[in-house]
1. Inside region 74-105, can you point out the residues that are small (G, A, S) and over 20 Å from E18 (Cα atoms)?
2. Any residue at all in region 202-211 that is touching a helix residue (DSSP H, G or I) at 6+ places or on another chain (Cβ under 7 Å), within 22 Å of A134 (Cβ to Cβ) and open to solvent by 10 Å² or more (accessible area, probe 1.4 Å)?
3. Of all residues being assigned to a loop (DSSP other than H, G, I, E, B) and in contact with a Leu (Cβ under 7 Å, 6 or more places away or on another chain) in region 232-255, which is nearest to the ligand (Cβ to nearest atom)? Just the residue, please.
4. Filter region 49-66 down to residues that are among the aliphatic types (A, V, I, L, M) and over 18 Å from V259 (Cβ atoms) and give me whichever is surrounded by the most Cβ atoms within 10 Å (Cβ to Cβ).
5. Cβ-Cβ below 6 Å, separation at least six or inter-chain, first residue in region 128-146 and within 21 Å of L104 (Cβ to Cβ), second assigned to a helix (DSSP H, G or I) and not β-branched (V, I, T): which pairs?
6. Please go through region 1-48 and give me each residue that is in contact (Cβ under 8 Å) with a residue 40 or more places away in the chain, of a type in the set (K, R) and surrounded by fewer than 23 Cβ atoms within 10 Å (Cβ to Cβ), ordered by number.
7. Only residues in region 89-113 that are under 15 Å from D167 (Cα atoms) count as the first member; pair them with residues that are more than 14 Å from the ligand (Cβ to nearest atom) and small (G, A, S), Cβ under 8 angstrom, at least 6 apart or cross-chain, and list the lot.
8. Please enumerate the residues belonging to region 336-356 that are farther than 19 Å from E246 by Cα, not in a strand (DSSP E or B) and not charged (D, E, K, R).
Amino acid sequence: MIERRHPLLSPTPGTSRELVSLHFGPAGSGRKVAIQASLHADEVPGLLVAHHLRRRLGELEAQGALQGEIVLVPFANPVGLSQWVLGSHEGRFDLASGENFNRLYADLAPRAAEILEPHVRSGKRVDVAEARAALRQACAELTVTTELQSLRRTLLALAIDAEVVLDLHCDNEAVLHLYTLPALWPEVEPLARLTGSRAVLVADVSGDEPFDEACSAVWQRLSAALAERTGSRIELPEACVAVTVELRGERDVAHEFAVPDAEAILQYLAWRGFIADAPSQLPELACEPTPLAGSIPVLAPQGGVLVHARPLGATVRRGELVAEIVDPLGGTVTQLESPADGVLYARESRRFVTAGTRVCKIAGREPVRSGKLLSD
Ligand SMILES: [Zn+2]
């Protein structure tokens, strides 16, 4: 294992942070996986999975069983790690700018297309390795003026040329679920089986450029940008399978979850040929993919005490009671119904909420939303 340290842009004299990445397996084979945890710095389940991955990847490396480079970034967000406010860890938004740490990753396709244009014009075919080199260059050229921007560039540089990118997150309270591009589903299906995912939410554009899409959707965008620049028909493959893995809820931090989750990730990598001894059989699929535009948040119409009525993972029908908001002053109980048939895959973890809070989320089959599809 090689440990690499990446200094971030220092915001002021006298203070500096660095991102640390752990590299397993042979580099330079052209095959690479990038796994990061806690980009939302207060989401802890991924840290424990990273701990078990670190140990197992070390063993597999010692056995000579790794057939590509595997980059593990256990602490993907050193900026957010330090954001403790009045005793609470605020790891989702950058306190300096208010920006979500998992948004606003650069679209590298326009610059990479510019780099590759002469190649295409000279009549040569662009292969994946050349496209990855152009993406690396485009990433290295990104201008950064803040520590946060330099964090985003550093994370992107570690993952942009990877064949598999797994971004480990968690929800408030949730069953394990995944986010990815619709076109990647055939490649992601084995991961859904191995992790026992209860929902897979797919969208071509979720809005505001989350990390996984910056790594995966860039391939479709690069084909389109190159075609536009050169007038040639360019069809690059979907060369990066990027998935946001939501490891249940924020308090689901236990070895009984993390050990099998780490093992599921390793088996997925084995299935993809990164580790010797691929699983001969995959577990049953626990869900089909549904559109992210069909994931409907149930909003609290007023503040009060939140009483959930259905457990996580429940299959609910439209109109079915999912939660109550209790006002002990007025003596009212407001019943909240599911807006669709689907799986109740995530719930608010606080039990006292203000008006407008997303009380729970239902993965429905029909797309009903448009615009920005992710929560803030
Ligand atoms: Zn997150």
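1. G87, S88, G98
2. No, because not a single residue in region 202-211 is touching a helix residue (DSSP H, G or I) at 6+ places or on another chain (Cβ under 7 Å), within 22 Å of A134 (Cβ to Cβ) and open to solvent by 10 Å² or more (accessible area, probe 1.4 Å).
3. V253
4. Per the stated criteria, the residue is L66.
5. What qualifies is L135/A112; A138/R111; A138/A112; C139/L156; C139/A157; L142/R153; V144/S150; V144/R153.
6. Residues satisfying the conditions are R17, R31.
7. That search, which allows pairs on different chains as well, returns Y105/A214.
8. The answer is S338, P339, A340, T354, A355, G356.
The values are calculated or read from the model by the stated rules, or taken from the named source; none is laboratory data. What you see is a predicted model; the values in this text were computed from it and never measured. Cβ sites come from the backbone with ideal geometry, for glycine too, and all protein chains shown count toward neighbours. Calculation scope for accessible area: heavy atoms of the full protein, side chains included, ligands and nucleic acids excluded. Shrake-Rupley method; radii C 1.70, N 1.55, O 1.52, S 1.80 Å.
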